[in-house]
Structure formats: structure tokens, C-alpha cells
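Data first, discussion second: the structure below is written as C-alpha cells.
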Amino acid sequence: MTDASFFTANDEPITPAAPAARRSLQAQVRWGSRLVTVGGDAPVRVQSMTNTDTVDVIETAIQVKELAIAGSEMVRITVNTPEAAAAVPHIRDQLDKMGIDVPLVGDFHYNGHRLLTEHPACAEALSKYRINPGNVGKGDKGDKQFAQMIEAACRYDKAVRIGVNWGSLDQELLAAMMDANSRRAVPWDAKPVMYQALIESALQSAADAQSLGLAAQQIIISCKVSGVQDLISVYQGLAARCNYPLHLGLTEAGMGTKGTVASATALAVLLQQGIGDTIRVSLTPQPGEARTQEVVVALEILQSLGLRSFNPSVTACPGCGRTTSTTFQELAKQIDDFLRAQMPVWRGKYPGVEQMKVAVMGCIVNGPGESKHADIGISLPGTGEAPAAPVFIDGAKAVTLRGDNIAAEFHALVETYIEKRYGGNA
Ligand code: SF4
């Protein structure tokens with residue numbers, strides 16, 4: 001073979017794919033002296049929402065704690081009644097007592113103006129208010145109620161999310177835009193008008209908020225819809241028209257595999273284009289499923305795109321007819337669970353451990369190769385192969401495990417590797 005069979009004179013190197021940069025304004029979400037930045041040069045933030053009754057202070061604080069420990073950097077809670085508003089400062093206190101460093105976002109609909117005005121301790125304890133322009137009220141009354149909420153944000157120095165949602169879009173605005181569209185020489189289809197109405201609703205409200213004194217960088221925008229292609233269309237249009245930080249999420253994504261895949265598909269396309277400064281995955285928990293699953297999925301989306309690193313990654317082959325035992329599946333799961341369970345402690349103790357790559361492979365076809373590319377990897381014996389499992393550390397074969405105790409021995413090797421590579425004496 002000659003060099004010419006590999007490259008021609010006109011070949012250009014293939015550029016490695018990477019998310020595009022989008023430089024938006026940067027919002028500051030504060031609580032006490034603590035701060036989470038959103039947008040600008042901040043990493044894409046992960047947020048989540050509780051599904052507890054906010055009036056139940058302890059239950060809500062516990063769920064916020066679980067979401068925060070899972071990796072949520074902001075947690076939204078429903079503030080829908082005077083009792084819920086009265087509970088908010090107590091939830092904040094409870095979190096502070098538990099040492100949970102996460103800002104609370106208040107989700108307001110219909111009566112937010114009253115709750116924020118009549119419950120100043122709630123307005124103070126929250127770090128950010130979510131306002132849905134579609135249900136702050138109609139006409140002059142709506143303008144006044146919107147203004148009351150923005151005034152509270154200015155008074156207490158809070159960030160605001162103008163959160164438009166397809167399901168609660170301002171119907172007066174939509175009707176006016178549909179009318180205007182019908183008078184065009186060549187009217188658009190209804191769908192693009194709907195996209196435009198979502199964006200218009202958000203941007204008009206943001207402009208109103210600015211004219212009321214809220215700083216532009218303290219305004220975060222979302223325009224959520226439940227269809228993947230609709231979300232991509234709307235956010236591309238939104239990103240082209242403003243530089244506010246964008247909250248990205250597919251609303252009502254659904255349950256389980258469907259919700260996870262739909263969210264990942266939509267968010268990945270947009271994040272790759274540099275669109276999105278904070279994400280939420282709106283999964284409906286399956287019966288018995290932890291609320292934290294939405295955070296797990298959000299972290300995986302960002303880590304898979306190479307935008308952030310949260311947990312060591314475990315590469316495991318899918319298995320096939322060459323491996324008829326479940327040993328390697330069990331080992332891959334054990335290692336994955338072990339790494340995730342340890343991360344809250346390891347994050348502080350072993351800086352950089354979140355970038356570690358572990359491989360657990362099922363046979364010699366790809367096992368040794370993939371294991372060599374990982375920081376530490378094991379190639380388990382496939383059906384009919386010698387009962388030996390070579391372990392590769394930093395690309396070189398380190399040891400071969402044999403017998404019934406392979407899982408426990410590999411587990412110990414991973415721990416030793418982490419201690420050596422990322423421990424204080426590393
Ligand atoms: S590494 Fe081996 S067991 Fe795993 S999928 Fe490939 S051929 Fe099958």
C-alpha cells in the first residue's frame with residue numbers, strides 16, 4: 001500500500017464534531033452569598049422540579065435535597081397558594097440546615113402577583129421566579145399583575161424566567177397574530193404563526209420586564225413545546241432573535257424510554273448548535289421511579305455531548321451470542337452503580353475522577369481493544385474462551401483475573417486506581 005491509497009491531495013482533515021458556542025447574557029441566581037450563573041461562559045446548568053405538595057415543608061425539602069445531590073443545580077417548586085408561599089421560607093431554612101446548597105425557583109401561575117406581594121418572605125427566599133405570560137391575566141389587568149411580579153424581582157434582586165408554554169400560550173396574542181397573518185399577501189401556514197407567537201409572547205414580556213427596570217441579563221427565556229421538531233424550530237428562531245439566556249426543555253416529554261429519548265433527541269440537536277444555557281428534562285416518573293431520574297437523564301445528555309463531565313463513564317458492550325452468561329452485564333451494572341453512589345463523596349476527594357473511563361467488555365473481539373482505550377478496563381471471557389479476564393490500566397495489561405471472585409477483585413482494582421490517580425498524593 002502507498003500513502004496515496006490513504007490520502008489524496010484534496011483531502012481535508014475531518015473536523016471533530018463539537019457543540020457550537022453561543023454567547024448569551026449571563027443571569028445571576030443568588031441565595032444569600034451563594035450564586036449560580038446561567039448563560040454567558042457558564043456551563044449548561046441542570047435544573048429540575050419537585051412533585052411534592054409545597055405546603056409539606058419536610059417532604060419538599062427532602063425531595064429538593066435528593067434532586068440537588070443527584071446533580072440538579074437549581075430546583076423549582078410549585079407556589080400556587082398562600083399556604084405554599086408561606087412554606088417557601090421554611091423550605092429554604094430546612095435546606096440551609098441540611099447544608100443543601102441549591103437555589104429555589106418559584107413556579108407561579110395565575111396568582112403569582114398576589115403571592116409575591118403578600119408573602120415577602122417567600123419572594124425573598126426564592127432565587128428566581130418563573131412567570132408564564134400566558135396566564136398572568138388578560139388585558140390591562142394582566143399587564144398590572146405582570147408588573148407586580150417584575151417589581152418584586154427588582155425589589156429582591158431576583159432572576160426571572162419568562163416561561164412560555166405551547167399549552168398555555170397567550171390566546172389574545174395568538175388570535176391577533178392569526179388575524180394579521182390572514183391579511184398577508186401570502187399567508188403562512190398555521191404552524192409557523194404558532195412558533196412566531198410563542199417567541200413573540202416571550203420577547204414582548206421580556207421587553208416589558210426590562211422597561212419595568214429588570215436588567216436584561218436577569219431574564220431567562222423558555223418557549224416549551226412537546227414535539228421534538230417543533231422545539232427545534234422554535235428555539236432556533238428564538239436564539240436568532242435574542243441573546244437572553246435560554247432555558248431549554250421539551251415540555252410533557254412523557255414517561256420512561258419515550259420521554260428520555262424524545263428529550264435527549266431534541267436537546268442534543270439544539271445544544272450541539274450552541275442553543276440552551278440551562279436544561280430541564282420533564283419526565284413523568286413511572287410508578288415507583290425516583291424523581292431524580294430526570295436529573296440523571298439531564299446529566300447524561302450533557303456528558304454524552306461532551307459539554308460537561310459529572311460521573312466516570314462506563315463503556316460496556318451490548319453482549320451477543322459470544323457471551324451467553326450475564327456475568328459481564330452484572331459487572332457493568334455493579335461498577336456503574338458503585339461509581340454513581342460514590343460520586344457525592346469522590347467529587348471533593350478526588351478531583352478529576354468524573355472524567356475517568358471504565359470499560360467492561362464481554363469477550364476478546366473488542367474487549368482488549370476497548371479496555372486499552374479506557375483508563376481501566378476488563379475483558380471478560382466469552383462463551384468457550386479460557387476463563388480469564390485481562391485487566392488493562394492506562395492502556396497496558398496489568399493483571400489477569402481468574403476464578404469466581406472476578407467482580408470483587410475488579411471492584412478493588414478500580415478503587416485502588418482512583419485513589420492512586422486522583423487521590424491527594426496523585
Ligand atoms: S465485545 Fe464480544 S461479547 Fe461484546 S458485543 Fe462484541 S463480540 Fe459480542
query = How big is segment 222-358 by Rg and Dmax over its Cα atoms, in Å?
reply = 17.2, 55
ask   = Full extension from Phe7 to His373: what is 0.36 nm times the residue separation minus their Cα-Cα distance, to one decimal in nm?
value = 129.2 nm
ask   = Whole number please: convex hull volume per residue of the Cα set in segment 6-49, in Å³?
value = 131 Å³
key: Long pairs among Lys138/Lys224; Lys65/Lys420; Lys97/Lys128, criterion Cα-Cα beyond 28 Å   = Lys65/Lys420
query = With no solvent and one point per C-alpha, what does the Debye sum give as log10 I(q)/I(0) for segment 338-426 at q = 0.13, 0.15, 0.18, 0.20 Å⁻¹?
reply = -0.43, -0.56, -0.77, -0.91
request  = Can you send over the carbon and sulfur percentage of the accessible area for segment 16-142, probe radius 1.4 Å, protein chains only?
outcome  = 52 percent
Mean projected area (nm²) of the alpha-carbon convex hull when segment 302-346 is viewed from all directions = 3.8 nm²
note = Rounded to a whole %, the carbon-and-sulfur portion of the accessible area of segment 322-419 at a 1.4 Å probe is 52 percent
note = Classified through the alpha carbon gyration tensor (a ≥ b ≥ c as square roots of its eigenvalues; rounded if a/c is under 1.5, else prolate when a/b is larger than b/c, else oblate), segment 113-266 comes out oblate
query = When the convex hull of the Cα atoms of the chain is projected onto a plane and the area is averaged over all directions, what value comes out in nm²?
reply = 27.7 nm²
query = What distance in nm separates the simple spin-label points at Gln210 and Ala398, each placed 7 Å from Cα in the Cβ direction?
reply = 5.5 nm
query = What does the convex hull of the Cα atoms come to per residue for segment 317-379, in Å³?
reply = 69 Å³
key: Rg ratio (alpha-carbon, reference 2.2 N^0.38 Å) - segment 45-204   = 1.18
request  = Using a 1.4 angstrom probe, figure out how much accessible area the chain has per residue, in square angstrom, rounded to the nearest whole.
outcome  = 47 Å²
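The values are calculated or read from the model by the stated rules, or taken from the named source; none is laboratory data. These numbers were taken from a predicted model, which means no experiment stands behind them. Here Cβ is always computed from backbone atoms with ideal geometry, including for glycine, and neighbour counts include all displayed protein chains. We work out accessible area using only protein heavy atoms, side chains counted, and drop any ligands, DNA or RNA first. Shrake-Rupley method; radii C 1.70, N 1.55, O 1.52, S 1.80 Å.
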